[in-house]
1. Looking only at residues in the range 191-229 that are under 16 Å from Phe153 (Cα atoms) and among the aliphatic types (A, V, I, L, M), which one is farthest from the chain's Cα centre (by Cα)?
2. Val145 fails exactly one of the following numbered conditions: (1) part of a helix (DSSP H, G or I); (2) under 22 Å from Arg186 (Cβ atoms). What is the number of that condition?
3. Have a look at Gly136, Gly95 and point out the one that is among the small types (Gly, Ala, Ser) and part of a loop (DSSP other than H, G, I, E, B).
4. Provide a single number: the residues in the range 19-40 that are open to solvent by 80 Å² or more (accessible area, probe 1.4 Å) and either farther than 19 Å from Ala255 by Cα or in contact with a Pro (Cβ under 7 Å, 6 or more places away or on another chain) (or both).
5. Starting from residues that are part of a helix (DSSP H, G or I), free of Cβ contacts under 8 Å to residues at least 40 places away in the same chain and within 24 Å of Ala82 (Cβ to Cβ), keep the ones in the range 168-215 and report whichever is least open to solvent (accessible area, probe 1.4 Å).
6. For residues in the range 94-103 being of a type outside the set (Ser, Thr, Tyr) and open to solvent by 30 Å² or more (accessible area, probe 1.4 Å), which is farthest from Phe202 (Cα to Cα)?
7. Return only the number of the condition from (1) aliphatic (A, V, I, L, M); (2) open to solvent by 70 Å² or more (accessible area, probe 1.4 Å); (3) outside the structural domain of Ile149 (by TED's automatic domain parsing) that Ala56 does not satisfy.
Amino acid sequence: MILGQSSSSRIVSHAVLVTGAIIMAFPFLWMILASLTPQSEIFDGSLLPTPTLHGAIDNYGTALSAIPLLRFMANGFVVCLAILVLQIAIAIPCGYALAKLSFPGRPILLVGVLLGLLVPVQIPTIPIYIALAKSGLLDSYAALVLPWIISVFAIFLFRQFFVTFPDEVLDAARLDGFSELSIAWRIMLPAAWPAVVSFSIFSIVAHWNDLYWPMVVITNPDMMTASLGIAYFRQAGEGAGNVGALMAGGVLVTAPLVSFFLLMQKHFIRGLVLGRH
């Protein structure tokens, strides 16, 4: 009887999950099919657009020629990579210090990190914008990167991961003459690789998809990132009202994220599970 109930509950759970997955995946499927369908046939009354070779060539050709989409994606790649490297460079030593070093004020700093998780990104927008404007850094990579190099989420994630690391290994490293920074980079970082991958996915997805901050600090089309470029395409020339080309641009912008996540999903899940302990 218990086995029957367990089997039934498992079937119900899987049915709910599959239904939810289909509902969530449907907009992406529609986007892909619309990007392969001629503009005149996308809204012909059918639930799903009908792809054709001519529609695919026309839509993707327009998306790549009407705007410098590849330039926008290259900008996004540079910005995401720079932010990620600087975030990890700062978060690893900070997380290690909060997890394994004893110093006055450590509990207060940890509370500050937790409170930092509660602050919406919109709150410091005006003072940061004024500082960048007075420094002459608007419309530059610096304006897109510098406000994000300190991630309280990364500090907290690595701190949670480092707490579980054996103290005996660290004591042995100190006896061998390792400095605390050497321990952080040569011992803790390799051990925290799953957490690094997990945070990398969070960071890259967040900043690749970010439309709010680039819209605030970027007006020069040459410096636009992928998301801002798609918004620019929607308002400019051939992109205005061209749903097929817009969907083609959306597919091109989304594909790198999906590929990256599928490649790293095992490390992503492992990092989140280990970081909970």
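The values are calculated or read from the model by the stated rules, or taken from the named source; none is laboratory data. All figures in this text were calculated on a predicted structure; none of them were measured in a lab. All Cβ positions, glycine included, derive from the backbone under ideal geometry; neighbour counts span all protein chains shown. Note: accessible area is taken over every heavy atom of the protein model, side chains too, but ligands, DNA and RNA are not part of it. Shrake-Rupley method; radii C 1.70, N 1.55, O 1.52, S 1.80 Å.
1. That would be Ala192.
2. (2)
3. Gly136
4. Residues meeting the conditions: 2.
5. Among those that are part of a helix (DSSP H, G or I), free of Cβ contacts under 8 Å to residues at least 40 places away in the same chain and within 24 Å of Ala82 (Cβ to Cβ), it is Ala206.
6. Ranking the qualifying residues of the range 94-103, first place goes to Phe103.
7. Single failed check for Ala56: (2).
Here's the yes/no breakdown for (1) on the phi > 0 side of the Ramachandran plot; (2) under 23 Å from the mean Cα position of the chain (by Cα); (3) exposed (fewer than 13 other Cβ atoms within 10 Å of the Cβ):
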{"residue": "Pro49", "(1), (2), (3)": "no, no, no"}
{"residue": "Ser65", "(1), (2), (3)": "no, no, yes"}
{"residue": "Arg71", "(1), (2), (3)": "no, yes, no"}
{"residue": "Cys80", "(1), (2), (3)": "no, yes, no"}
{"residue": "Ala91", "(1), (2), (3)": "no, yes, no"}
{"residue": "Gly105", "(1), (2), (3)": "yes, no, yes"}
{"residue": "Leu110", "(1), (2), (3)": "no, no, no"}
{"residue": "Val113", "(1), (2), (3)": "no, yes, no"}
